[in-house]
1. Residues in the stretch 188-204 that are part of a strand (DSSP E or B) and out of contact with any helix residue (DSSP H, G or I) (no Cβ under 8 Å at 6 or more places or on another chain): how many?
2. Return the total of residues in the stretch 1-45 being out of contact with any strand residue (DSSP E or B) (no Cβ under 7 Å at 6 or more places or on another chain), assigned to a helix (DSSP H, G or I) and open to solvent by less than 50 Å² (accessible area, probe 1.4 Å).
3. So, of the residues in the stretch 189-219 that are surrounded by 12 or more Cβ atoms within 10 Å (Cβ to Cβ) and polar (S, T, N, Q), which turns out to be farthest from the chain's Cα centre (by Cα)?
4. Search the stretch 164-185 for residues being in contact (Cβ under 8 Å) with a residue 40 or more places away in the chain and more than 14 Å from the chain's Cα centre (by Cα), and hand back the single one that is least open to solvent (accessible area, probe 1.4 Å).
5. Kindly provide the set of residues from the stretch 163-187 that are farther than 19 Å from LEU111 by Cβ and either in a helix (DSSP H, G or I) or in contact with a Pro (Cβ under 6 Å, 6 or more places away or on another chain) (or both), ordered by number.
6. Say we look at the stretch 9-30 and pick out the residues that are at pLDDT below 85 and under 24 Å from PHE65 (Cβ atoms); which of these is farthest from the chain's Cα centre (by Cα)?
7. Look through the stretch 91-144, keep the residues that are closer than 30 Å to THR55 by Cβ and not hydrophobic (A, V, I, L, M, F, W, C), and return whichever of them is surrounded by the most Cβ atoms within 10 Å (Cβ to Cβ).
8. Go over the candidates GLU158, GLU79, GLU153 one by one and state the one that is under 20 Å from the mean Cα position of the chain (by Cα) and at pLDDT 95 or above.
Amino acid sequence: MPTVPTTFTLAEMAEDPIGRNTILGHYTIFANLLDLAAVAVPAGLTPAGRPHGVTFLAPAGSDDFLAALGAGFLGEKGEKDSAPRTPAGRVSVDGIVPLAVVGAHRVGQPLHPHLVALGARFAAVARTAPCYRLYDLGDRPGLAREEGGSSVEVELHEIEPAALGKLLVTIPAPLGLGTVELSDGRRVRGFLCEAYAVGSARDITGLGSWPAYLAAGRA
């Protein structure tokens, strides 16, 4: 829901502090009465240039779920209020998290069945922002954010937060999960490689994706 129905200047608040505070609580005052948990997050500016926010509400005890939902919403927005908002780039009302998959967990690759077993669903093919490099780590690729990088193809899969946690503990070093910036400005969870591992690894960024590298026979 909207966090507030409107905004007031300090001068306007001083004119009628009780009345205008009551207006500001229009969408939130019932939360305690109904024993709801809530988290409010910024959502950009109104056409008039005033700050705007949204509030996520859920039954009492849903704090972790709401925190993940709010974090996913902020991650989708990133630093650009005008960033596109597509279903594959946001946490849904069911708590689904978009996950950027780079290599071995992609469709048709050896570890994809592991994602399927966790309930993940393919959503779309996307590209990272032009600030990443892709490396051959042997049996899988490593995606690293580097200055002077390029745009790399990834797959977006939708996965529940609990399943994402189960996936995290199975990922061997030097890989892990972090925040991946996409070409359209969205920021999603995704596979990344620790910097220490790419020093001696083969840079395959020029081929654009792990499947393209495999198709080229690693030549």
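1. Just the residues of the stretch 188-204 that are part of a strand (DSSP E or B), to begin with: 188-193, 202-203.
Filter once more, keeping what is out of contact with any helix residue (DSSP H, G or I) (no Cβ under 8 Å at 6 or more places or on another chain): 190-193, 202-203.
The qualifying residues number 6.
2. 3
3. The initial filter retains those residues of the stretch 189-219 that are surrounded by 12 or more Cβ atoms within 10 Å (Cβ to Cβ), namely 189-195, 197-198, 201-205, 207-214.
When the remaining residues are screened for being polar (S, T, N, Q), the result is 205, 209.
Values: THR205: 23, SER209: 21 Å.
The residue in question is THR205.
4. Taking the candidates together, the pick is LEU167.
5. Taking the stretch 163-187 as the starting set, the residues that turn out to be farther than 19 Å from LEU111 by Cβ are 179, 181-187.
Passing the criteria: only ASP184.
6. Per the stated criteria, the residue is ILE29.
7. The qualifying residue surrounded by the most Cβ atoms within 10 Å (Cβ to Cβ) is PRO98.
8. Working: GLU158 fails: at pLDDT 95 or above; GLU79 fails: at pLDDT 95 or above.
When all the criteria are applied, what remains is GLU153.
The values are calculated or read from the model by the stated rules, or taken from the named source; none is laboratory data. Keep in mind the model is a prediction, meaning the values are calculated, not measured. Backbone-built Cβ (ideal geometry, glycine too); neighbour counts: all protein chains shown. SASA here: full protein model, heavy atoms, side chains in, ligands and nucleic acids out. Shrake-Rupley method; radii C 1.70, N 1.55, O 1.52, S 1.80 Å.
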